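S.K.: I have a structure I would like to understand better, so I am pasting it below and will then ask my questions one at a time.
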Amino acid sequence: MIERLPLVHHSRSRLAAGAVLALTVSLGLAACGNKDSEGSSAKSCVDTSGDTIKLGFLNSTSGAMAISEQTVRDSLTLAAEEINADGGILGKEIEFVEEDGASDPAIFAEKIEKLLTGDCVAAVFGGWTSASRKAMLPVVEANNGLLFYPVQYEGLEASENIYYTGATTNQQIIPAMEFLADEGVETLFLAGSDYVFPRTANKIIKQYAEELGIEIVGEEYVPLDDDDWTTQVAKIVEAEPDFVFNTINGSSNVGFIKAYYEQGLSPETSPIISVSIAEEEAPAMGKDVTGQYAAWNYFQSVESPANATFIEAFQDRFGSERPTSDPMEAAYTSLYLYKNLVEAADSFDVDDINESADGVTFEAPEGLVTIDGDNHHIAKTALIGRINSDNQFDVVWSSDGPIEPDPFLEGYSWWDASAE
Amino acid sequence: MKSAVRTFGPLVAIAVLAVLLLVVAPSVLSPFRLNNLGKYCCWAIAAVGIGLAWGRGGMLVMGQGVFFGIGGYAMAMHLKLEAAGPEGIPDFMLLYGDGTMPGWWEPFRSGAFTLFAIVALPAVAAAILGWAIFKRKVKGAYFAILTQAMAVVFATLLIATIQETGGFNGLNQFTFFFGYNLYDPVNKRMVYSITAGLLIACLVVVWQLYRSRFGELLVATRDAEERVRFLGHDPANVKLAAFVIAAVMASIGGAMFAPIAGIISPSDVDATASIFLIAGVALGGRALLLGPALGALAVGYGRSTLSEQFPDQWTYFLGALFIVVILMFPAGLISAAGRAAGLLRPRRRVRPTAARPAGATS
Amino acid sequence: MRLDHPSPDDLGQDYLEIRDLTVDFDGFKAVSGVDLTLLQGRVHFLIGPNGAGKTTLIDAITGLVPATGVARYRNHNLLALKSHRIVRAGIGRTFQTATVFEELSVLQNLDIAGGVHRSPFALLRARRGTPDYVEAALGTIGLGDLRDRPAGVLAHGQKQWLEIGMLLVQDAKVMLLDEPVAGMSAEEREETGALLQRIGTERTIVVVEHDMDFVRSFADLVTVMHAGKVLTEGTVTEIQANARVQEVYLGRTADAAEAAEAAEADAVTHEGAGRD
Amino acid sequence: MDSFTTPLLAGTATGALLLIAALGLALTFGQMGVINMAHGEFLMAGAYTAFLTQQVISNTDISILVAIPVAFVVAGLLGLLLEMTVISWMYRRPLDTLLVTVGVSLVLQQLAKDIFGAQGDPVESPGWLDGNVDVFGYNWPYRQMFTIVLALVSLCVLAALLKYSSFGRQIRATVQNRDLAETVGVRTRVVDRLTFFLGSGLAGVGGVAVSLISGTNPRLGTTYIISAFLVVVAGGLGQLKGTVIAAFAVGIATAFFADWTSASMAQVATFALVVVFLQLRPQGLFTVRSRGLA
């Protein structure tokens, strides 16, 4: 392993090492930077001359988020096939390029750059975690590309280059609080995973609760992927809240739900309202969760002709046992919205699309959705569902029609972003 | 002249790598691929340090992501503050926090302090941890486990401190790199060149360390720690020095990763990321001079391309890499290739051209 | 071929003093109240049956096992120092199984032993040529022809000499050698003995040995240990005439021997020295 | 009162879980110096066994009891397979074993994901574990008591096996001095395999207990493995009592930290505690030999 005693004179080797370093430095200097640049907005390389238009689907098909994001990939695929069968977008057939974000924000950033600059796609659909979206945002802005993000999130963001087809907080969290106020809830316990969405959601919840006169009797967080909720649930037992607001992410929900029932809690005493348990998660809890609530903008049980068509098409394509859920519907909707955006602008150019975006609509499975041209979110109807014994949701409450998106909660006087 | 080959052969190899990374790669790769290669270079810098600590020092460092993260976050904090402008505070603190900035962010406004911190913070952290561990003669598997636990704890800490570190989202949306706009392709290329240059510099540093008396002492400590004690050296100090240097290198790699990837988040520094860093070192050859760097470049490239080709099988590849390489080629593929070549030709030396960085071949 | 017993006047000032040294392994006293004064300029032999506590005594002096009592060399209380500090104080030792760095060359092995005298900064430089003291040690141990060979390929005896050479480079004033001639041919033993006498004039040499022929040929002074205690001390002739020594070597019961052996094995595992 | 009893009792249950996981680790580590990073995936295998058993025996009251021995055998066989195919080739390279088993762990996780899906599968608790008993204001779930009982039973069986069976004596002989054991006719290779089977099997049993907390999911092993390793490090090798004390200490300390601060900070604090503890006892609580573990 070791070089045997080099009896070379030292200064010669030092000279050589110096030479290598000098070489490195001079080669490095050759690539000197440009300090005065404004940052070039890259020239779009999208090719619209042919019969097809390239779109990128960027979802995690490996890593911890794969299970959730695969469902989004499926509904995107379905939407693309439907649109192609129906004549494509502006007569061009969709050719989609699939990439794996590997549940890693840095990979998302890498892949979206590849899609935009290498594959020259006209728009990218995907992302799930806020971390992945935050990682893609500077890339999509720098390349003046388009990203359609299909998941409800914590708001406080608006980019010219992103369309948000999931709910922002005033379309999910705030309506859920209004529902709780209507129910006469006086005490509320907050349980969440220890990361951005739950922390931000709970900040909003706490301020709105004060406004509504609801007392927050406890707030507990557990690291992502941590399953043992016993000690935290014990605090819920002690606090005896009227309701539990659940912002827990992913598999950690299982441990929470189990501990909740084990310690004698039930929907009769302290029901749970969740913002991350949907049709797919409900049966995987290992407990009968009948009677618990969830706040979304879409349930499989929504009765509309568009939804009936969507469910039938999806189950025909991917299997009759597959449920449909809010993010899947939002992803499905996002591709159709893109079609409508392009057709409204009569162009695939990003600036043209943004120009005419305001007011573009789509008759989605969840109901009519409308794009807000200012913040690139969409107006959506908020729904509260109660889980029935079939692990489907009975809609028990809904907002009065679609709610205008307000990602920065500017229309809510009680909101103070800088409060602790 | 044989000895001259031994002394200068590695330097020539490093020079060849320097030309490949600094001249050939920028002229043949697209800006996107070049940026990716820059990312692999960041991992390679950390890998060079792992080669020193593990390959030569016998310390299996399974938590280098922590030091990678210290450098990455230090740099990212500076870039965040640069993006926010003078007196400005990072956007996420306004969004998720109470709009005030923790006091310990303030010094990172200064570029000079940031550069100092990138070297000093990991050095101090590694010195404290290493001192606590080595002085008490905790070693081998115990050491490996403790470092891995440290990576888990570090990631948890980052995720839980949203207002201070951006939590799970990490830090991103940088615009300037010490005054250079990061969205200008020319400047991106400059950042790449700096990174590749740092990799070469780290290689020259370990080359000197390996041929120095310290290098011999380190190997001696790896192979017979107690015997070294009876040479009058405290093996703890020898190991500590290697551990600290490895930590600083990881930190430098992380510091360059932030502007190149445009993001640093807990998933870049957690236990899985740390394991990923080791994979390259094992593949290339832990005790070789160039093995860790070339291995890391290859694994980085493999991660990008294999995950494009076989998105679902990438984890199998990584797992199989560990099993096959460690089981069958514990000295790494380059050594194995060298041995195979040695069967044909009696003399054996590292031939870097035989294992060009995979990233440069596309 | 042994030197005459030197008179006290010939002795230097240097000596290693041991008083009431006791090593206690969970109630078993491997070394019990040993008093010894080891003077410079003599080749001092430590003999005794297996389990007598010879190696444990050396382990205690070199900081490998905790002990009570006093072991003083110059101004250093050895029992309070860590192993590497003891080495820096001038005490060096070898092990029963030669432990050289097999991947390093003979020259590198010797060179690395000189590290004690170098500043940390000097460690970062590559070696330029061969230092004089390394060259001198190489000559003393007679391995000049094998200087560039990896130490791993050396014969057993050569490895022991290399270890002694490393102690020379280290400039150890007190050398504690644990069975240096075990496994050597008669010729090698001769050479080793001559080597010890050559280097012994300015140093304190302590040799743990079983081989009585070797002891007879080269010992200036012999200490006999038994069951952790010093049985007697004297010249070879005196020792050979001692009835109790004969009893210890011939008349001990099998049981006692086994117990002692087990204890010594235990002591070795406790120290973990030189094994991995 | 319940701010004391809740972390104490909940922490004891966590400690019991860690104990089951760490027993197997300590056994294989102590005897062979082998660090098995795939041990967490044996835990996962146990959990999936509980799920599959439930698919076959739909009566959840019984299926969980059936699952325990089945999970023991399934995880044990996985361990045996690992020992024979991989670990037996590299006994002299303990650190390398650690890395190889990291690879095995990655492959097993991905396999579980491909076979069962990334979404966890539910494991229903048996009816007789539904419910709780009020202990000073803490509704102590039967499930936690069951975990503690399961851990103690596993511990007693293991201790008895080590103490009274000839296999146990051979294990202890091998742990204390492998070479000597060989010279007196112990077939250490066979003993190694049986130890690996036993240690991995215990992880399977632990997996059944975990499945009652969180169902199954492919990442289940990673959640517990680091804590279990910290237990082994703190407990020292070669004596069960060190592992037992360390497991409950880590479990209870984490629960108290979580109660005082947050679950995230509790992880940090527990790690710091173990590092500080190693300053006092670098070899852990108890150890037969103090030779370096390299």
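S.K.: Which members of the stretch A:264-286 meet the condition of being within 11 Å of chain D (Cβ to nearest Cβ) and either under 27 Å from the mean Cα position of the chain (by Cα) or surrounded by 24 or more Cβ atoms within 10 Å (Cβ to Cβ) (or both)?
M.R.: Residues satisfying the conditions are A:GLU280, A:GLU281, A:ALA282, A:PRO283, A:ALA284, A:MET285, A:GLY286.
S.K.: What are the residues in the stretch A:144-192 that are free of Cβ contacts under 8 Å to residues at least 60 places away in the same chain, part of a loop (DSSP other than H, G, I, E, B) and not β-branched (Val, Ile, Thr), if any?
M.R.: Matches in the stretch A:144-192: A:TYR153, A:GLU154, A:GLY184, A:GLU186.
S.K.: To continue, here is another question. So is B:ALA141 at pLDDT below 90 and either more than 22 Å from B:VAL61 (Cβ to Cβ) or within 7 Å of another protein chain (Cβ to nearest Cβ) (or both) or not?
M.R.: Considered against the rule, which asks whether it is at pLDDT below 90 and either more than 22 Å from B:VAL61 (Cβ to Cβ) or within 7 Å of another protein chain (Cβ to nearest Cβ) (or both), B:ALA141 comes out as yes.
Okay, residues lined up against (1) within 18 Å of B:HIS233 (Cβ to Cβ); (2) without any contact (Cβ under 8 Å) to a residue 24 or more places away in the chain; (3) more than 15 Å from the chain's Cα centre (by Cα); (4) within 11 Å of chain B (Cβ to nearest Cβ):
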residue: C:SER83; (1), (2), (3), (4): yes, yes, no, yes
residue: C:VAL87; (1), (2), (3), (4): yes, no, no, yes
residue: C:GLY92; (1), (2), (3), (4): yes, no, no, yes
residue: C:LEU104; (1), (2), (3), (4): yes, no, yes, yes
residue: C:LEU123; (1), (2), (3), (4): yes, yes, yes, yes
residue: C:PRO150; (1), (2), (3), (4): no, no, yes, no
residue: C:GLN158; (1), (2), (3), (4): no, yes, yes, no
residue: C:TRP161; (1), (2), (3), (4): no, no, no, no
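S.K.: Moving to a separate point now. Consider A:ALA239 against the criteria (1) more than 9 Å from chain D (Cβ to nearest Cβ); (2) without any contact (Cβ under 8 Å) to a residue 40 or more places away in the chain; (3) aliphatic (A, V, I, L, M): it satisfies all of them except one. Which criterion is unmet?
M.R.: Result: A:ALA239 fails condition (2) only.
S.K.: Here's something else I'd like to know. Taking the stretch A:251-303 only, how many residues are among the aromatic types (Phe, Trp, Tyr) and under 20 Å from A:LYS235 (Cβ atoms)?
M.R.: 3
S.K.: Has the stretch B:228-248 got any residue that is within 15 Å of the chain's Cα centre (by Cα), in a helix (DSSP H, G or I), within 9 Å of chain A (Cβ to nearest Cβ) and not polar (S, T, N, Q)?
M.R.: Scanning the stretch B:228-248, I find no residue that is within 15 Å of the chain's Cα centre (by Cα), in a helix (DSSP H, G or I), within 9 Å of chain A (Cβ to nearest Cβ) and not polar (S, T, N, Q), so the answer is no.
S.K.: Also, quick follow-up: May I ask you to list the residues in the stretch C:82-96 that are in a loop (DSSP other than H, G, I, E, B) and out of contact with any strand residue (DSSP E or B) (no Cβ under 9 Å at 6 or more places or on another chain)?
M.R.: C:LYS82
S.K.: If you scan the stretch A:99-131, which residues turn out to be facing another protein chain (nearest Cβ under 8 Å), part of a strand (DSSP E or B) and either farther than 30 Å from D:LYS113 by Cα or touching a strand residue (DSSP E or B) at 6+ places or on another chain (Cβ under 7 Å) (or both)?
M.R.: The one that is facing another protein chain (nearest Cβ under 8 Å), part of a strand (DSSP E or B) and either farther than 30 Å from D:LYS113 by Cα or touching a strand residue (DSSP E or B) at 6+ places or on another chain (Cβ under 7 Å) (or both): A:GLU99.
S.K.: Residues of the stretch A:335-372 being within 19 Å of the chain's Cα centre (by Cα) and over 26 Å from A:PRO283 (Cβ atoms), which ones?
M.R.: A:LEU335, A:TYR336, A:LEU337, A:TYR338, A:VAL369, A:THR370, A:ILE371, A:ASP372
Listed here are the residues, each with its yes/no results for (1) more than 24 Å from A:SER130 (Cα to Cα); (2) among the basic types (Lys, Arg).
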| site | (1), (2) |
| --- | --- |
| A:LYS235 | yes, yes |
| A:ASN253 | no, no |
| A:ASN297 | no, no |
| A:THR309 | yes, no |
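S.K.: Could you please find all residues in the stretch D:66-107 being among the aliphatic types (A, V, I, L, M), within 8 Å of another protein chain (Cβ to nearest Cβ) and part of a helix (DSSP H, G or I)?
M.R.: D:MET90, D:LEU95, D:LEU98, D:LEU99, D:VAL100, D:VAL102, D:VAL104, D:LEU106, D:VAL107
S.K.: Could you give every pair whose Cβ atoms fall below 8 Å, whose first residue belongs to the stretch A:401-415 and is surrounded by 13 or more Cβ atoms within 10 Å (Cβ to Cβ), and whose second residue is in a loop (DSSP other than H, G, I, E, B) and of a type in the set (Val, Ile, Thr), counting only separations of at least 6 or pairs across chains?
M.R.: A:PRO402/A:THR381; A:ILE403/A:THR381; A:PRO405/A:THR168; A:ASP406/A:THR168; A:PRO407/A:THR168
S.K.: Collect the residues in the stretch D:52-64 that are surrounded by 14 or more Cβ atoms within 10 Å (Cβ to Cβ) and at pLDDT 90 or above, keeping them in residue-number order.
M.R.: Of everything in the stretch D:52-64, those that are surrounded by 14 or more Cβ atoms within 10 Å (Cβ to Cβ) and at pLDDT 90 or above turn out to be D:LEU52, D:THR53, D:GLN54, D:ILE57, D:SER63, D:ILE64.
S.K.: Of all residues in the stretch B:145-167, which are under 14 Å from A:ARG199 (Cβ atoms) and either in contact (Cβ under 8 Å) with a residue 60 or more places away in the chain or surrounded by 24 or more Cβ atoms within 10 Å (Cβ to Cβ) (or both)?
M.R.: The answer is B:LEU158, B:ILE159, B:ALA160, B:ILE162, B:GLN163, B:GLU164, B:THR165, B:GLY166, B:GLY167.
S.K.: Filter the stretch C:100-124 down to residues that are assigned to a loop (DSSP other than H, G, I, E, B) and either at positive phi or buried (at least 22 other Cβ atoms within 10 Å of the Cβ) (or both), then give me how many there are.
M.R.: Result for the stretch C:100-124: 3.
S.K.: Of A:GLU219, A:GLU215, which residue is within 12 Å of another protein chain (Cβ to nearest Cβ), on the phi < 0 side of the Ramachandran plot, surrounded by fewer than 24 Cβ atoms within 10 Å (Cβ to Cβ) and in contact with a strand residue (DSSP E or B) (Cβ under 7 Å, 6 or more places away or on another chain)?
M.R.: A:GLU219
S.K.: What are the residues in the stretch B:249-269 that are part of a loop (DSSP other than H, G, I, E, B) and β-branched (Val, Ile, Thr), if any?
M.R.: Selection gives B:VAL269 alone.
S.K.: Are any residues in the stretch A:290-324 crowded, with 24+ Cβ neighbours inside 10 Å and either over 19 Å from the mean Cα position of the chain (by Cα) or within 14 Å of chain D (Cβ to nearest Cβ) (or both), and if so, which ones?
M.R.: A:GLN292, A:TYR293, A:VAL302, A:PHE310, A:PHE314 - these are the residues of the stretch A:290-324 that are crowded, with 24+ Cβ neighbours inside 10 Å and either over 19 Å from the mean Cα position of the chain (by Cα) or within 14 Å of chain D (Cβ to nearest Cβ) (or both).
S.K.: Can you tell me which of (1) closer than 25 Å to A:ASP400 by Cβ; (2) touching a Lys or Arg at 6+ places or on another chain (Cβ under 9 Å) is the one A:THR290 doesn't meet?
M.R.: Status for A:THR290: all satisfied but (1).
S.K.: Being more than 23 Å from the chain's Cα centre (by Cα), under 28 Å from D:THR6 (Cα atoms), aliphatic (A, V, I, L, M) and surrounded by fewer than 20 Cβ atoms within 10 Å (Cβ to Cβ), is that true of even one residue in the stretch A:229-252?
M.R.: yes
S.K.: If I filter the stretch A:370-405 down to residues being part of a loop (DSSP other than H, G, I, E, B) and hydroxyl-bearing (Ser, Thr, Tyr), which single residue comes out as nearest to A:ASP288 (Cα to Cα)?
M.R.: So the residue we want is A:SER389.
S.K.: What are the residues in the stretch D:248-263 that are more than 22 Å from the chain's Cα centre (by Cα) and at the interface with another protein chain (Cβ under 9 Å from one of its Cβ atoms), if any?
M.R.: D:ASP259, D:SER262
The values are calculated or read from the model by the stated rules, or taken from the named source; none is laboratory data. Quick caveat: nothing in here was measured; it's all calculated off a predicted structure. FYI the Cβ positions are ideal-geometry reconstructions off the backbone, even for glycines, and counts take in every protein chain you see.
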